[in-house]
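In what follows, a single structure is set out as structure tokens and then discussed.
The values are calculated or read from the model by the stated rules, or taken from the named source; none is laboratory data. Nothing here was measured: the structure is a model prediction, and the numbers come from that model. Because the Cβ atoms are built from the backbone with ideal geometry, glycine has one as well, and the counts that use them run over all protein chains shown.
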């Protein structure tokens, strides 16, 4: 009798184990193209970790990582030529509305908070937005970029029109600041800011999200095509389950994750990659309940701000352009 009970318990445990394993969606050798937003960097580490560690293979996926065409990842994903890619909530905005809107959806936040801001040489008064008055700023002349800068400068009591805006030709922020070809630059601290530290360039810096919560939007994000998501939800879930594991590994093992990224892309500066990886290990998930989660209120607040300032062709409706439904359920 005891032996029969023991066998039943073992069988029950085996069934539970199989059910648990079944919770991770798996496909059968499906091919996925993932298009980057730029050259490989630490924003992308989780993708390369998932590739190297076999997370994609275990999910039944064959993933090809490609660099973007001139018109960016959004068009490639929207057209179905790539299933997933990297974009940004601000640059996605014009693509979500209007006659030429693109059928794309953000399905995961790569970094939980906006880590961008303005960097300048230390001691020149640009540690706050007002201090940019009378100094040069390298601009891309983007409507959202300039409206963001105007708001933080004016909120600090400064005159936006007194900033000397020059077309950006910056390819290396450290060189540009050292040569004094420009006084201030919009950067993402996890790469360019870390690089200034490594090269022992003393700088001042302020982050947009620290000045106004409306600028704590999602940048970068993973996007997918709407048709692909509708027709292949289980494949999307399998992919994002593997990617989540990749970023979770990078959070827990930043040095090894950096080495994996450099192995796949030997042209990268390993010292910079490792320093950047340590910085981003704290930023990928931050305080969110899981990696990749997109907070509805923060997403909507930024697009509401764009609507109020007529920075998009037509107003972006609430809850447009993102979904958490393809992330693993925690």
Those residues that are in contact with a helix residue (DSSP H, G or I) (Cβ under 6 Å, 6 or more places away or on another chain) and either in a helix (DSSP H, G or I) or free of Cβ contacts under 8 Å to residues at least 60 places away in the same chain (or both), I need them from the stretch 205-228; list them, please. 208, 209, 211, 214, 215
Answer yes if at least one residue in the stretch 229-241 is in contact (Cβ under 8 Å) with a residue 40 or more places away in the chain, in a helix (DSSP H, G or I) and either under 16 Å from the mean Cα position of the chain (by Cα) or over 30 Å from residue 93 (Cα atoms) (or both), and no otherwise. yes
Inspect the stretch 97-105 for any residue being under 15 Å from residue 205 (Cα atoms), more than 15 Å from the chain's Cα centre (by Cα) and either modelled with pLDDT under 95 or surrounded by 22 or more Cβ atoms within 10 Å (Cβ to Cβ) (or both) and give the result as yes or no. no
Only unsatisfied item for residue 329, checking (1) part of a helix (DSSP H, G or I); (2) at pLDDT below 95, is (1)
Meets criteria (surrounded by 17 or more Cβ atoms within 10 Å (Cβ to Cβ) and assigned by TED's automatic domain parsing to the domain that holds residue 94) for residue 138: no
Matching residues in the stretch 62-71 - criterion: being surrounded by 18 or more Cβ atoms within 10 Å (Cβ to Cβ) and over 18 Å from residue 48 (Cα atoms): none
Can you confirm whether residue 244 is within 23 Å of residue 68 (Cα to Cα), in contact with a helix residue (DSSP H, G or I) (Cβ under 9 Å, 6 or more places away or on another chain) and buried (at least 22 other Cβ atoms within 10 Å of the Cβ)? no
Among 239, 302, 228, 208, the single one that is buried (at least 16 other Cβ atoms within 10 Å of the Cβ), at pLDDT 95 or above and not assigned by TED's automatic domain parsing to the domain that holds residue 93 is 208
When the stretch 287-299 is examined, which residues are found to be buried (at least 18 other Cβ atoms within 10 Å of the Cβ) and part of a helix (DSSP H, G or I)? 298, 299
Residue 261 being more than 24 Å from residue 97 (Cβ to Cβ) and either surrounded by fewer than 21 Cβ atoms within 10 Å (Cβ to Cβ) or free of Cβ contacts under 8 Å to residues at least 40 places away in the same chain (or both): no
Given the conditions (1) farther than 22 Å from residue 87 by Cα; (2) part of a loop (DSSP other than H, G, I, E, B), which single one is not true for residue 274? (2)
Selected residue (only one of 164, 151, 200 is over 21 Å from the mean Cα position of the chain (by Cα) and within 27 Å of residue 281 (Cα to Cα)): 200
Return the only residue of 284, 247 being under 27 Å from residue 31 (Cβ atoms), touching a residue at least 40 places away in the same chain (Cβ under 8 Å) and outside any helix (DSSP H, G or I). 284
